[in-house]
Structures are given as C-alpha cells and as structure tokens.
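Undergrad: What follows is a structure written as structure tokens; I'll ask about it next.
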Amino acid sequence: MKIDFTRPILAIDTSTSFLSLALLSGSLKHTFHEEVGNAQSQQILPQIQSLLQKAELQIADLGAIVYAQGAGAFTGLRIGIGVAQGLATPFDLPLIGVPCLDAVAYQMPDCESVLAATDARMGEVFYAWFDTKNHRRLSDYSVGKASEIRLPENTSPDKVRGVGNAFALENAPPFSGSPNMPTAQDYAILAQTGRYAATSAAFAELLYVRDKIALTAAEQMAKKQQMGV
C-alpha cells in the first residue's frame, strides 16, 4: 500500500509498561508518554482522542497508523494492534508495523554495530544487531540470556554501541550500553522512511520472537531451578 506522508500520522507504542502515543502533522507534533502499567487499555483511546482534539483532527484525516510490532510485552502489543486495527478499519487506513528492536537501535544512528536489547522477563532479553549507518539488520530477532549474546562476524567489540532497557538489568548484556528506550515519535519517524511495509488492518501482524508466550507451571519451576531462584 502506498502512503501519503503529507497527511498526519498516528503512532502507538504499548510494548512496555509505558503508553506512548504521537500524532505528527507537518511541523506540528502532539505526544503522550507516561508509565501507566496495566492501565493501557483504559487510557489509550481517551489519550488518542485528546491528541486528535489538540490537533483539530479526526481519525479519517490520518494518512496511516503506526504501531509497535514486537517483540515486547504480549498483552501490551495486543492492545496496541487491536486499537490500531479498530481505528483504521472504518476508514480503510493503512497500518505500518515497526519492529520494536528497530526503534531501539535507531536511537543510535549512523553506527555500524548497534546491539539493541530489551527486557524479555524470565531472565531473558530480546535482542538483535544492526548497522544503522547503512540501514541493515545484522542478525535475526532473538531471545535468550544476555550472557549468551555473541558478536556478529567481523565485528570489533570496541565499536559496539548498546542500547535498550536490558542494559539496566542486573544481568545486562556483556557490552557497554545505554538503557534508553524509544517513544512513539521514534516509531513514527522510522515509518516515514518508507522502509517498513504498509498493510490493511486485516493483514496487520505482530512480530513474535518467543515460540511460546507462556510457560506451564512445571516449566516455570524448572526455569527457576536453573536460575537458582
């Protein structure tokens, strides 16, 4: 689908405990970024309506809706894509899914070796390697223990730039890094590069990195024993 980026763009990021929204219209921007925990589902629609009122816009005026595609908090991601689809469907608006680790990585632009890593819970992190200077992903999107992350081939450790909230964990990745996380505005800016495909609401999808979303009680106990908990 072709996007008219001269029209306003709404971006939604519910991949963490924050509710992050951005409405970009030309040189104007209206944003909301606040840690709301489990209240995302209650606050997301009122906050979107507030942004639209400030910009004197309606949903039908939008050129596209951008959403955080994952990996991230499962419930939050489902809330974000569900709201995006619900808003887009009546007006046949295109949706653009931006992978969360891409948004994390591009906080470090023009770097040839960026490790984007975020907290995946259960003693693991989501991570991927990027060359943001040349707009290339250097690895698969992965999940695992931070200590098991390895450098891509032909990469020098002293050139690595790490970023993402995994670097604030007690068991952080074995590289130096900043715990900074993107906002919905960062997702909107990435979507406007045209490097991410647009789809109709019916075909919008999330990016799942874990094969299993939940562990059985026995699996949880085994994992705790492995971690010494």
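Undergrad: Under a 1.4 Å probe, what is the accessible area of the stretch 51-171 per residue, stated in Å²?
TA: 46 Å²
Undergrad: Further question: How would you rank 129-137, 79-87, highest first, on the average number of other Cβ atoms within 10 Å across their residues?
TA: Going from most to least packed, we get 79-87, 129-137.
Undergrad: Report the accessible area of THR89, computed with a 1.4 Å probe over the heavy atoms of all protein chains in place, in Å² rounded to the nearest 10.
TA: 90 Å²
Undergrad: Kindly provide the helix-only [θ] at 222 nm of the chain, computed as the sum of -39,500 (n - 2.57) over DSSP H runs of four or more divided by all residues, to the nearest 500 deg cm²/dmol? Spell out each step's value before the answer.
TA: Details: 5 runs with 56 residues, N = 229.
It comes out at -7500 deg cm²/dmol, rounded to the nearest 500.
Undergrad: How much length, in nm to one decimal, is gained on full extension between PHE91 and PHE175, taken as 0.36 nm per residue of separation minus their Cα-Cα distance?
TA: 25.7 nm
Undergrad: Further, regarding this structure: Work out which GluC sites (Glu not before Pro) in the chain are exposed loop sites (DSSP not H, G, I, E or B, at most 13 other Cβ within 10 Å) and give the longest gap free of them.
TA: 57-152
Undergrad: Continuing with this model, one more query. Length gain on complete extension for the stretch HIS135 to ARG195, per 0.36 nm per residue less the alpha carbon to alpha carbon distance?
TA: Between HIS135 and ARG195, full extension yields an extra 20.7 nm.
Undergrad: Could you tell me which of the pairs LYS29/LYS159; LYS2/LYS29; LYS2/LYS145; LYS2/LYS133 are separated by over 30 angstrom between their Cα atoms in the structure shown?
TA: Working: LYS29/LYS159 34 Å; LYS2/LYS29 23 Å; LYS2/LYS145 39 Å; LYS2/LYS133 25 Å.
Over 30 Å apart, Cα to Cα: LYS29/LYS159; LYS2/LYS145.
Undergrad: Taking only Cα atoms, what is the 0 to 90° angle, nearest 10, from helix 217-227's long axis to the longest principal axis of the chain?
TA: 60 degrees
Undergrad: Related question: To test your reading of the geometry: what angle, between 0 and 90 degrees and rounded to tens, separates the Cα axis of helix 74-88 from the longest principal axis of the chain?
TA: The answer is roughly 20 degrees.
Undergrad: Note the listed values (1) 16.8, 51; (2) 16.2, 47; (3) 18.0, 55, then indicate which one is Rg and Dmax of the Cα atoms in Å calculated from this particular structure.
TA: (3)
Undergrad: State whether the stretch 55-139 is rounded, prolate or oblate according to the following rule on the C-alpha gyration tensor (a ≥ b ≥ c being the square roots of its eigenvalues): a/c under 1.5 gives rounded; otherwise a/b larger than b/c gives prolate, and the remaining case gives oblate.
TA: oblate
Undergrad: Now a separate question. Can you send over the carbon and sulfur percentage of the accessible area for the chain, probe radius 1.4 Å, protein chains only?
TA: Heavy-atom surface of the chain belonging to carbon and sulfur, 1.4 Å probe: 48 percent.
Undergrad: Please work out the Cα center distance from the stretch 187-211 to the stretch 66-126, rounded to the nearest Å.
TA: For the stretch 187-211 versus the stretch 66-126, the Cα centre distance is 8 Å.
The values are calculated or read from the model by the stated rules, or taken from the named source; none is laboratory data. Since the structure is predicted, the reported quantities are computational estimates derived from the model, not experimental observations. Neighbour counts are summed over all protein chains in view; Cβ atoms, including those assigned to glycine, are modelled from backbone coordinates with ideal geometry. For the accessible areas, the whole protein counts, side chains as well, though only heavy atoms, and no ligand, DNA or RNA atoms are used. Shrake-Rupley method; radii C 1.70, N 1.55, O 1.52, S 1.80 Å.
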